[in-house]
Amino acid sequence: MNIPESVTSIGNYAFSGCRSLTSVNIPKSVTSIGNYAFSGNSLTSVTIPDGVTTIGEGAFYKCSKLVSLALPEGLTIIKRNTFQYCSALKSFTIPSSVIIVYQEAFADCGGLEEVIVLPQTPPFLYDNSFSNYDITLKVPESAIDAYTSTSPWNKFTTLKTVSGEDIEKKKCEKPTIAFEGDKLLFSCATEDVTYSYDITAPSVKSGEGNNVDFTPVYTITVIATKSGYENSDPATKEIQMSGSCGSGGDVNGDSVVNAADVVKLVNIIAGEE
């Protein structure tokens with residue numbers, strides 16, 4: 001298909017479902033491509049000239065043989081479903097003019113391996129704009145911090161500069177653990193982290209006799225996590241039922257150290273008391 005220079009707009013569904021269409025020449029005179037204009041075709045490559053500033057929803061939806069794609073500089077919005085189910089697409093470049101990528105724009109592109117994003121400011125991206133973030137993201141070297149600190153761009157597993165140099169993800173600082181006022185307190189120098197913790201009581205006792213030290217020792221292990229960051233190194237701390245936890249392990253204040261004190265301490269750690 002050779003579209004003549006006299007055409008300035010390709011309307012909605014213009015070539016939708018033309019399943020034998022493998023090649024199209026879009027002239028520089030075209031400024032807009034309508035919704036689902038080329039959906040369901042057998043196009044293998046598409047070059048969209050820089051004069052195109054609007055590409056409609058689903059314009060290339062289910063073009064499953066599309067392996068090569070050139071988006072125009074001047075495009076500001078990549079709309080919903082525009083390239084969804086383009087399963088043969090391996091790589092493409094988002095031009096520097098784009099400011100937003102809508103839902104499912106590149107969803108279900110199972111063959112996608114690499115995305116090059118040129119804007120200095122990360123475009124607004126929905127979590128489901130891509131189905132899979134286990135691919136390589138390349139960004140301008142001067143914009144590394146912006147992309148690594150902006151979700152969901154920082155969900156891509158491999159980060160590189162546009163020139164191909166690897167970008168190391170930042171790592172969460174090792175957290176600290178404190179037990180104050182009958183509460184476990186976690187803190188971390190990295191802001192806005194989530195804490196994942198594990199609490200065990202390795203001092204389980206067995207034996208003979210009627211005089212048993214029932215003071216358990218709890219081991220707390222915690223890591224700090226944050227989207228776009230590597231997990232922190234684990235921090236560990238042992239806490240014994242004494243001191244601020246009650247004299248000699250008497251947590252509930254009934255002057256007896258027994259199983260009830262263990263239950264109460266577990267509830268305190270779990271935040272239930």
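For segment 160-172, filtered to residues that are at pLDDT below 90 and not basic (Lys, Arg), the residue that is farthest from GLU113 (Cα to Cα) is CYS172. Among the residues here, SER9 qualifies as farther than 18 Å from THR93 by Cα and either open to solvent by 20 Å² or more (accessible area, probe 1.4 Å) or among the charged types (D, E, K, R) (or both). For beta carbons closer than 8 Å, sequence separation of 6+ or different chains, a first residue in segment 219-231 that is at positive phi and a second that is assigned to a loop (DSSP other than H, G, I, E, B), the qualifying pairs are GLY228/SER149; GLY228/THR150; GLY228/SER151; GLY228/LYS169; GLY228/LYS170. On the stretch given as segment 22-38, residues that are open to solvent by 30 Å² or more (accessible area, probe 1.4 Å) and more than 14 Å from THR53 (Cα to Cα) total 4.
Identify the single condition in (1) surrounded by 16 or more Cβ atoms within 10 Å (Cβ to Cβ); (2) in contact with a strand residue (DSSP E or B) (Cβ under 7 Å, 6 or more places away or on another chain) that ILE3 does not satisfy, given that it satisfies every other one. With (1) surrounded by 16 or more Cβ atoms within 10 Å (Cβ to Cβ); (2) in contact with a strand residue (DSSP E or B) (Cβ under 7 Å, 6 or more places away or on another chain) applied to ILE3, the lone miss is (1).
The values are calculated or read from the model by the stated rules, or taken from the named source; none is laboratory data. Source: prediction; values computed, not measured. Every residue, glycine among them, receives a Cβ derived from its backbone with ideal geometry; neighbour counts consider all protein chains shown. When the accessible area is computed, the model is the full protein with side chains, heavy atoms only, and any ligands, DNA or RNA have been set aside. Shrake-Rupley method; radii C 1.70, N 1.55, O 1.52, S 1.80 Å.
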